[in-house]
Amino acid sequence: MAFIIKNPPEFTREVTQWTRETLADGAEMAEVPEALLNNDIYLKMQMERLEHVTEVALTAEGWIGENAPYSQTVLVSGAAEGMEPTVVSALADGADAATAKAYIKAFGIICGGTAELTDGQAVFKVYKKPVTDITIGLKGV
């Protein structure tokens, strides 16, 4: 007997509980481990996605608008509407002091603004234009 792993796996809260009165039908009883296996795979995929970091490059010249808030739209592979990623620093390890200072300032401006994800892209809005290009990480995309 083979288990059926759905593609994509589906999470369910409805798992039949076996009792002494459960019909000892192999096909019927197999539905329970199938549901649990699909739940395990689904949850594993969700955890992998939550730990994944997608880097996004924002350019100093890419901000549009005459007045605040300024906006920049960028392509983000794997982004979908409703996602709520965490913004993380993508500052290179060992960056010199001047680079780190410029990065921290731009990162603060980005984090002080807003962002909205849609399918395949993100729209960032800030109230002051960063003067340097910056790469940030979106954890959970």
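The values are calculated or read from the model by the stated rules, or taken from the named source; none is laboratory data. Keep in mind it's a predicted model, so treat the numbers as computed, not measured. Using ideal geometry, Cβ is built from the backbone for each residue, glycine included, and neighbour counts are taken over all protein chains shown. Just so you know, the surface numbers come from the protein's heavy atoms only, side chains and all, with ligands and any DNA or RNA stripped out. Shrake-Rupley method; radii C 1.70, N 1.55, O 1.52, S 1.80 Å.
Assorted remarks:
- The stretch 40-62: number of residues that are within 28 Å of A102 (Cβ to Cβ) and touching a strand residue (DSSP E or B) at 6+ places or on another chain (Cβ under 9 Å): 10
The rows are residues; the columns are (1) in contact (Cβ under 8 Å) with a residue 40 or more places away in the chain; (2) within 17 Å of V141 (Cα to Cα); (3) of a type in the set (A, V, I, L, M, F, W, C).
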| residue | (1), (2), (3) |
| --- | --- |
| E34 | no, no, no |
| L37 | no, no, yes |
| E61 | no, no, no |
| Y70 | yes, no, no |
| L75 | yes, yes, yes |
| M83 | yes, yes, yes |
| A95 | no, no, yes |
| T118 | no, yes, no |
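- Qualifying positions in the stretch 90-115 - under 23 Å from the mean Cα position of the chain (by Cα), surrounded by 14 or more Cβ atoms within 10 Å (Cβ to Cβ) and not hydrophobic (A, V, I, L, M, F, W, C): Y103, G113
- Residue check, E14 assigned to a loop (DSSP other than H, G, I, E, B) and either at pLDDT 90 or above or open to solvent by 90 Å² or more (accessible area, probe 1.4 Å) (or both): yes
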